[in-house]
1. In the neighborhood of Asp90, defined by Cβ-to-Cβ distances under 13 Å, what is the net charge if each Lys or Arg adds +1 and each Asp or Glu adds -1?
2. For the chain, build the charge dipole from Cβ charges (+1 Lys, Arg; -1 Asp, Glu) around the Cα centre, then report which of Ala30, His101, Pro86 sits farthest towards its positive end.
3. Which order do the peptides 5-11, 34-40, 100-106 come out in when sorted by mean C-beta neighbours inside 10 angstrom, highest first?
4. What translational diffusion coefficient, to the nearest whole µm²/s, does the chain have by Stokes-Einstein, given a Kirkwood radius computed over alpha-carbon pairs, a temperature of 10 °C and 1.306 mPa s viscosity?
5. Which whole-Hz couplings ³J(HN,Hα) result when phi for each residue of the range 65-79 is put into the Karplus expression 6.51 cos²θ - 1.76 cosθ + 1.60, θ = phi - 60°, listed in order with x for Gly and Pro?
6. So what J values fall out for the range 95-102 if you push phi through Karplus, 6.51 cos²θ - 1.76 cosθ + 1.60 with θ = phi - 60°, rounded to Hz, Gly and Pro as x?
7. Quick check for me: using +1 on Lys/Arg Cβ and -1 on Asp/Glu Cβ, what's the dipole size of the chain about its Cα centre, in debye to the nearest 20?
8. Helix-derived [θ] at 222 nm for the chain: sum -39500 (n - 2.57) over DSSP H runs of at least 4, divide by residue count, nearest 500?
Amino acid sequence: MKVVINTCFGGFSISRKAAEHMAAAGSKRAQKELSKSKPDRFSGYGYVNGMDGGYDRIDPLLVGAVEALGSSASGSCSQLSVVEIPDGTDYTIEEYDGAEHIAEVHRTWS
């Protein structure tokens, strides 16, 4: 399974170019974000009116945009990367000051 994460401090966001790539491929979220944003005010977070949750990190259209566009897919203060993990892994995306990594979920007790 492929997962998109941000590998630098700052936080996850995609570029307008990545959103346009995804919108052309049929992403409703990217289409809506592009339609709601001004050319100089694109956020790239995927949080637009009527939609919660931002971009799904395993969305094949997001993964495809990052793989096709490379560093041009990264939004402001981000450096996106595709990480491949074994299918069926129960995972979470951990972050510190916006820099992310993938961690396998384990049971804990207290």
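1. Values: positive: Arg107; negative: Asp87, Glu104.
Net of charged neighbours comes to -1.
2. Checking the options against the dipole of the chain, the answer is Ala30.
3. 5-11, 100-106, 34-40
4. 111
5. Coupling constants for the range 65-79: 5, 5, 5, 6, 9, x, 5, 5, 7, 6, x, 4, 6, 9, 9 Hz.
6. 9, 9, 6, x, 6, 10, 8, 9
7. Working: 11 positive and 15 negative charges, 123 e Å.
I would put it at about 600 debye.
8. Value at 222 nm, helices only: -7500 deg cm²/dmol.
Since every read-out is calculated from the coordinates, none of them should be taken as a lab result. Computed from a predicted model, the values in this text were never measured in an experiment. No Cβ is skipped: glycine too gets one built from the backbone with ideal geometry, and neighbour counts run over all protein chains shown.
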